[in-house]
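Since every read-out is calculated from the coordinates, none of them should be taken as a lab result. These numbers were taken from a predicted model, which means no experiment stands behind them. Heads up, the Cβs are rebuilt from the backbone with ideal geometry, glycines too, and the neighbour counts pull from every protein chain shown.
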Amino acid sequence: MPFREATALITVEREGIIDTYVRPLSGSSPVFTIPVKNSYAPNVYVSALVVRGRVAGVQPTALVDLGKPAYKLGIAPLRVGWSANELKVQVKADKPVYNIRDKATVAVKVTRADGSAPPAGAEVALAAVDVGLLELMPNTSWDLLEAMMQQRSLQVETATAQMQVVGKRHFGRKAVPHGGGGGKGAGRELFDTLLFWKARVTLDANGEAMVQVPINDSLTAFRIVAIASADANLFGTGRTEVRSSQDLILLSGLPALVREGDRFRAGFTLRNTTNAAVKVALTASAGGKALAPQQVSLEAGQAQDNGWDYQVPLSVTTLAWDVSASIVTEGEGGAATHDRLKVKQKVVAAVPVRTTQATLLQLDGKQSMQVRLPDDALPGRGGVQAQFSARLGGDLPGVRDYMSAYPYRCFEQVSSRAIALHDKAMWQSAVDTLPAHLDADGLVKYFASMQQGSDTLTAYVLSASQEAGYAIPDELKGRMESGLMAFVQGKVTRYSSLPTADLAIRKMAALEAL
């Protein structure tokens with residue numbers, strides 16, 4: 001501070017002025033002290049506007065006024081600890097290693113930073129995830145406290161009119177560190193990577209809870225994470241890892257997708273996790289047909305690749321593998337330890353069947369035509385397909401195929417698929433979600449997360465369900481009709497998604513639906 005004596009206006013700022021102080025300062029002791037409060041977390045900015053009045057006894061000259069009033073502006077960012085907002089979360093499993101299909105008993109304990117119990121109503125969300133998945137992409141969303149306590153911006157601008165009075169037009173720079181004038185610039189087939197998810201686990205008065213986490217068929221490590229929250233400003237995250245293992249492990253090396261006629265090596269890895277050498281009997285079947293059995297010798301801790309040369313059969317869409325490995329006990333002839341793996345491969349056609357000719361005829365008499373296979377057709381594939389219909393509309397097989405494969409899932413699309421496919425179960429499933437798709441005015445929303453519904457969609461759902469003979473519960477139907485009537489009367493306003501004047505048309509559609 002360049003002044004012998006001055007008065008400082010000190011402000012604690014972040015998205016506004018939080019606290020203010022006035023402190024006298026001197027050139028020999030340019031230090032002030034302010035309390036750091038819990039509400040300052042995660043960071044604040046401390047600004048000091050130091051003002052010196054006219055220096056007595058220093059007279060201005062014609063060229064310079066060394067005793068004129070002056071000020072300096074400085075600012076410093078402060079990182080503030082989170083202990084007042086932090087929950088300590090401990091996650092502990094009853095043992096480190098499990099067998100497949102076991103249930104891991106997980107104890108969760110939550111305390112405040114000082115070790116005391118959390119407030120009443122504290123909860124945790126618990127997830128158990130395959131560590132292999134987290135190796136591909138770590139999940140930072142679990143670190144809830146860090147997300148809540150990210151560094152905040154200043155969002156405060158400071159200006160002073162003092163220099164208008166003393167003749168220097170400079171308002172200084174803000175929020176650029178540092179101070180002084182502004183500074184410088186069974187068969188194992190359950191392999192889901194998510195084992196368990198429970199969004200709300202209520203803690204007891206001691207901040208503790210016990211949760212059962214089912215282990216699936218993956219022989220791997222799992223990370224169990226608990227994210228705790230209490231009141232509006234207490235957060236914490238804890239985690240632990242467990243493993244699933246067994247004496248004999250069978251791992252698949254099969255590709256997920258193959259083509260008809262492909263010849264490949266169906267590879268499987270055998271791993272002996274015991275401390276002794278073993279002999280393993282390896283058997284497999286693919287598509288219900290058994291393959292030649294094998295016998296493998298494994299040293300202690302050894303892993304070895306084994307497999308069969310296999311050709312994918314024709315005219316199948318899925319290839320189911322069932323592979324078993326058993327440790328043969330010497331002298332007894334029985335299997336002491338075994339592992340069994342079930343894996344499915346998707347099979348696609350190397351050359352898909354496609355339509356090369358189609359003809360539409362009216363059956364008002366005897367009809368005949370000549371057809372033959374293309375020169376490059378594959379033997380045994382394709383053929384001639386004839387369909388007869390009393391009218392052109394018929395069953396519309398092309399439309400049905402199109403709607404069956406239709407991938408989109410807004411409410412209009414789901415209800416349209418149900419009506420086109422005459423699928424009452426799909427319609428009922430859509431109606432079950434209808435309460436979440438109605439807005440406050442009773443109009444249907446395309447997606448439940450939207451704020452406002454659409455008069456056009458509401459009119460369509462009412463009309464289409466009436467034509468198809470599908471029912472809508474009276475209470476929901478009444479809300480929809482009331483919403484449409486209010487729209488027609490002008491009490492409810494909805495704007496078109498298209499840049500066109502279609503209000504009259506949309507009201508006519510609503511009236512027709514009503």
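Might you report the magnitude of the Cβ-based charge dipole of the chain about its Cα centre, with Lys and Arg at +1 and Asp and Glu at -1, to the nearest 20 debye? Mind dumping the intermediate values first?
Working: 54 positive and 49 negative charges, 392 e Å.
In debye, rounded to 20, the chain gives about 1880.
Just report the Cα centroid separation between the range 181-260 and the range 473-514, whole Å. That distance is 47 Å.
Between the range 360-389 and the range 95-152, the alpha-carbon centres lie 63 Å apart.
Each of (i) 60; (ii) 52; (iii) 75 is a candidate for percent of Cα pairs over 30 Å apart; the one calculated from this structure is (iii). Cα convex hull, the range 397-513: 116 Å³ per residue, rounded to a whole number.
Computed from the C-alpha gyration tensor, the three semi-axes of the ellipsoid equivalent to the range 248-348 are 28, 13, 10 Å, from longest to shortest. Ranked by the mean number of other Cβ atoms within 10 Å of their residues, highest first, the peptides 139-147, 348-356 fall in the order 139-147, 348-356. The charge dipole of the range 248-348, taken about its Cα centre with unit charges on the Cβ atoms of Lys, Arg (+1), Asp and Glu (-1) only, comes to about 380 debye. Which one of P60, T240, L484 is farthest out on the positive end of the charge dipole of the chain, using unit charges on Cβ (Lys, Arg +1; Asp, Glu -1) and the Cα centre as origin? The residue sitting most towards the positive pole is P60. Taken about its Cα centre, the range 439-489 carries a charge dipole of roughly 80 debye when the Cβ of each Lys and Arg holds +1 and the Cβ of each Asp and Glu holds -1. Helical runs assigned H by DSSP (4 residues or longer) give the chain a calculated mean residue ellipticity at 222 nm of -4500 deg cm²/dmol, each run adding -39500 (n - 2.57) before division by the residue total. Calculated translational diffusion coefficient of the range 451-495 (10 °C, 1.306 mPa s; Stokes-Einstein with Kirkwood radius over alpha-carbon pairs) equals 144 µm²/s. Projecting the Cα atoms of L282, P69, A350 onto the charge dipole of the chain, computed from C-beta unit charges around the Cα centre, puts P69 farthest toward the positive end. Hydrodynamic estimate: the Kirkwood radius of the range 1-68 over Cα pairs, inserted into Stokes-Einstein at 4 °C and 1.567 mPa s, corresponds to D of 92 µm²/s. Think of the chain as a dipole: +1 on every Lys or Arg Cβ, -1 on every Asp or Glu Cβ, centred on the Cα centre; then among Y406, I327, F32, F32 lies furthest on the positive end. Distance from the Cα centroid of the range 1-65 to that of the range 439-467 is 60 Å (rounded to whole angstrom).
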